[in-house]
1. Just checking, which of Gly29, Gly19, Gly64 is at positive phi and more than 13 Å from the ligand (Cβ to nearest atom)?
2. Under 6 Å between Cβ atoms, which residue pairs at least 6 apart in sequence (or on different chains) link something in the stretch 16-42 that is under 13 Å from Arg58 (Cβ atoms) with a partner that is of a type in the set (Asp, Glu)?
3. Those residues that are outside any strand (DSSP E or B) and touching a Ser or Thr at 6+ places or on another chain (Cβ under 8 Å), I need them from the stretch 23-52; list them, please.
Amino acid sequence: MGEDDNEAGETMQVCPVCGSTDLYYEAGGVEGLYHCKYCGYIGSFVVDANEEMAKLIRKEYDSGATDIQS
Ligand SMILES: [Zn+2]
């Protein structure tokens, strides 16, 4: 913690929709659900991504946000 070496391919859990790391895990029922603070995604699936992947997801979300709405 507090060290600046995130080049080693560390992964983090990010939202599969927008790539945000602002996720809340909410326990409830048999399985919990993740809530994304950024885009409002709610689901049991999140992506293990490194920083590069998270940026790509975010970029795609930002450029195609209007297509994802249904
Ligand atoms: Zn999201």
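1. Values: Gly19 fails: more than 13 Å from the ligand (Cβ to nearest atom); Gly64 fails: at positive phi.
Checking each option against the conditions leaves just Gly29.
2. Tyr38/Asp22
3. Of all residues in the stretch 23-52, those outside any strand (DSSP E or B) come to 27-32, 37-41, 44-46, 50-52.
Glu31, Gly32, Lys37, Tyr38, Cys39, Asn50 - these are the residues of the stretch 23-52 that are outside any strand (DSSP E or B) and touching a Ser or Thr at 6+ places or on another chain (Cβ under 8 Å).
The rows are residues; the columns are (1) at pLDDT below 95; (2) of a type in the set (Phe, Trp, Tyr); (3) in contact with a Lys or Arg (Cβ under 9 Å, 6 or more places away or on another chain).
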site	(1), (2), (3)
Asp5	yes, no, no
Ser20	no, no, yes
Glu26	yes, no, no
Val30	yes, no, no
Gly40	no, no, no
Asp48	no, no, no
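The values are calculated or read from the model by the stated rules, or taken from the named source; none is laboratory data. Fair warning: this is a prediction, and the values are worked out from it, not measured in the lab. Using ideal geometry, Cβ is built from the backbone for each residue, glycine included, and neighbour counts are taken over all protein chains shown.
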